[in-house]
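Structure first, then comments.
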Amino acid sequence: MNDAQKGLTFRDIEAAAERLSGKIRRTPLEVSRSFSQLSEREVLLKCENLQLTGSFKVRGAFNKILSLTNQEKERGVIAASAGNHAQGVALASAMAHVASTIVMPKGAPIAKVEATKAYGASVILHGHSYDEAYEYAREIQKEKGSIFVHAFDDQAIIAGQAVVGLEIVEELSQLDGIVVPVGGGGLISGLAFAVKTLRPEVSIIGVQTEAAPAMVHSKKVQSHRTVQCQATIADGIAVACPGSLNFELVDRFVDDMVTVEEEMIASAVVLLLERAKMVVEGAGAAALAALVSKKVGNAGERWVAVLSGGNMDITSVAKIIEYGLVRSGRRWEFRIVLPDRPGALQHLLAEVAHGGANIIAVLHDRLRPGLSLSQAEVIVTLETRDHDHIRELRERLLHKGYRIERNV
């Protein structure tokens, strides 16, 4: 029997639920008609983006810190995090009157850094990834003797996150599966342990971005693997090496792991804003992206997508919305060279309007190098319905004799 199986018990999860009662929110489980239609499955959203600090991470942090002895609390705690775990540890520490230090990567979202400071933690920015921040936090921990609060590879953390699974199965008597975003594996390992103990017939599927598929690779070869993370809009699940305890539990209890492309995550973020009126960060939207793209489950089944977090900078929201609109065919920008004479631009824009597109911006340039004295370059940005609409517009313009030089 391995350490994960010997160490964590279902009673630990029940104790965590009792410990967290009244300390954290029991987040809503919302039925989504829009996402059910898009995925051809009955989709429910477990809204951990509405949790205290905007993420499920506060559950594990609270459970860990409330489990400490008085002597351990006096030593203070230290953690490494890209943002959500940082806020969870900071809030839980403040409420337990425990000093906390958080090491965050230099590129961590500003909103997460400032929120962590606001909860009372001492924040140190170090390294360019979670893994670099983690190594530095471990060095500080050895020097000062603080208690290390791991973001995912800790039994008390896992037990706290597992309460998400308890809440889901308590509310749903009939359920085919749960889709969970995965970084280091703290959420899915605890959730899968809890759900499979009570409802072994329920499928548990983990989702990672293609930019950081460490747990996917580990599950596939049934061995702990490390990957090189690429830049991703799902920074909350960009973990190069999953936790050892987490992997053992994932290998035992999780039915499958899948990856989703960056544009699918961006589209899910935009859809959540439009259809559900919810702000969900890239990592938190990964599970819904897998359902909407039909990578998980079968038509007619009932699935829960865990929206694991909702913490994003406003600038990040704007970038992801723009990215999602372009990728989903809701935004089209193209360049075209027109004769530099009165009425030429008006005729072009009239054709666009007749094609049913809304004009967002027009840039008219008569001085670009390479143009003749009788030419002008125009860059047009349009609001469109989808990729089919873009094709219709392109064909309309080509039929009228316009030559679209290239998309922007």
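Test of understanding: in a Gaussian network model of the chain with alpha carbons linked when under 10 Å, which of S293, S21, S203 would top the mean-square fluctuation ranking? Among S293, S21, S203, the largest GNM mean-square fluctuation belongs to S21. Ranking S173, S223, V163 by Cα position along the charge dipole of the range 161-265, where only Lys, Arg, Asp and Glu carry charges on their C-beta atoms, puts S223 farthest toward the positive end.
For each pair in K73/K142; K112/K144; K196/K294; K23/K196; K64/K196; K73/K196, compute the distance between the two Cα atoms and list the pairs where it is over 28 Å. From K73/K142; K112/K144; K196/K294; K23/K196; K64/K196; K73/K196, over 28 Å: K73/K196. Among the GluC sites (Glu not before Pro) found in the range 254-287, those both in a DSSP coil and sparsely packed, with 15 or fewer other Cβ atoms within 10 Å of their Cβ, are E261. When the Cα positions of G324, I314, G370 are compared along the charge dipole of the range 250-408, G370 comes out farthest toward the positive end, with charges on each C-beta of Lys, Arg, Asp and Glu.
Cross-link reach is defined here as a Cα-Cα straight distance under 15 Å, omitting same-chain residues fewer than 8 places apart; for K400 the aspartates and glutamates meeting it are E351, E392.
Per atom type, the range 353-408 shows carbon and sulfur on 49% of its accessible surface, probed at 1.4 Å. What aspartates and glutamates does K117 reach when the alpha-carbon gap must be under 18 Å and sequence neighbours fewer than 8 apart in one chain are set aside? Once the sequence-local aspartates and glutamates are set aside, what remains near K117 is D313.
Each Lys and Arg adds +1 at its Cβ and each Asp and Glu adds -1 at its Cβ; summed about the Cα centre, the range 347-408 shows a dipole of about 200 debye.
Evaluated with a Cβ-only charge set (Lys, Arg +1; Asp, Glu -1), the range 162-240 carries a dipole of roughly 400 debye about its Cα centre, given to the nearest 20.
Averaged per residue, the chain has 44 square angstrom of accessible surface, using a 1.4 angstrom probe with ligands and nucleic acids left out. Put H85, H224 in order of accessible area, highest first, and with a 1.4 Å probe you get H224, H85.
Within the accessible surface of the range 99-256, defined with a 1.4 Å probe on protein heavy atoms only, the carbon and sulfur portion equals 47 percent. For the range 1-62, a simple Cβ point-charge model (Lys and Arg +1, Asp and Glu -1, everything else neutral) yields a dipole of about 220 debye relative to the Cα centre. Of the options (1) 67, 42, 40; (2) 66, 49, 40; (3) 81, 49, 39, only one is Cα extents along the principal axes in Å as computed from these coordinates, and that is (3).
The values are calculated or read from the model by the stated rules, or taken from the named source; none is laboratory data. What you see is a predicted model; the values in this text were computed from it and never measured. Note that each Cβ is placed from the backbone with ideal geometry, even for glycine, and that neighbours are counted across all protein chains shown. Each accessible area value is taken on the protein alone, full model and side chains, heavy atoms only, with ligands, DNA and RNA left out. Shrake-Rupley method; radii C 1.70, N 1.55, O 1.52, S 1.80 Å.
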